[in-house]
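Heads up: the structure comes next, in structure tokens.
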Amino acid sequence: LTGSCPLAGPCPTSSIHVYTQREVYGTVGSHVTLSCSFWSSEWISEDISITWHFQAEGSRDSISIFHYAKGQPYIDDVGSFKERMEWVGNPRRKDGSIVIHNLDYTDNGTFTCDVKNPP
């Protein structure tokens, strides 16, 4: 079961629903919380995974910036977010939110929260 929503919600796919804010605004130098909550008609598996992707404004490419799997958060080692990201989610509470600190103009773009709840 997979749910994915590019900062819009609700977005039902199969039996998992992912909810995010359509637009989030922040001030350069401050921080912002990117909320991602989900609901599943199935129990939340120990193998649940959450991935955040970023597509810069005007870019066709999207990069993975954060991954949660096997009970551990992993901040991807690429891009400008690696030193500025904080995991604040809790999959048991159906929360996959992250915080981005020290915002910059280059952070403008689309952030996508992708949740997988196998099997």
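Taken over segment 75-119, the criterion of being modelled with pLDDT of 95 or more and aromatic (Phe, Trp, Tyr) is satisfied by 87, 111.
Can you pull out every residue in segment 72-116 that is part of a loop (DSSP other than H, G, I, E, B), of a type outside the set (Ser, Thr, Tyr) and within 21 Å of residue 21 (Cα to Cα)? Of everything in segment 72-116, those that are part of a loop (DSSP other than H, G, I, E, B), of a type outside the set (Ser, Thr, Tyr) and within 21 Å of residue 21 (Cα to Cα) turn out to be 81, 84, 88, 89, 94, 96, 101, 102, 103, 104, 108. Summed over segment 48-106, residues that are open to solvent by 60 Å² or more (accessible area, probe 1.4 Å), hydroxyl-bearing (Ser, Thr, Tyr) and under 23 Å from residue 117 (Cβ atoms) total 2. The residues in segment 61-71 that are in a loop (DSSP other than H, G, I, E, B) and either under 11 Å from residue 50 (Cα atoms) or touching a Ser or Thr at 6+ places or on another chain (Cβ under 9 Å) (or both) can be counted, and the count is 3.
The values are calculated or read from the model by the stated rules, or taken from the named source; none is laboratory data. What you are looking at is a predicted structure, and each value in this text was computed from that prediction instead of being measured. With ideal geometry, Cβ positions are generated from the backbone for all residues, glycine too; neighbour counts draw on all protein chains shown. The protein model used for the area step is the full one, side chains on, heavy atoms only, and it has no ligands, DNA or RNA in it. Shrake-Rupley method; radii C 1.70, N 1.55, O 1.52, S 1.80 Å.
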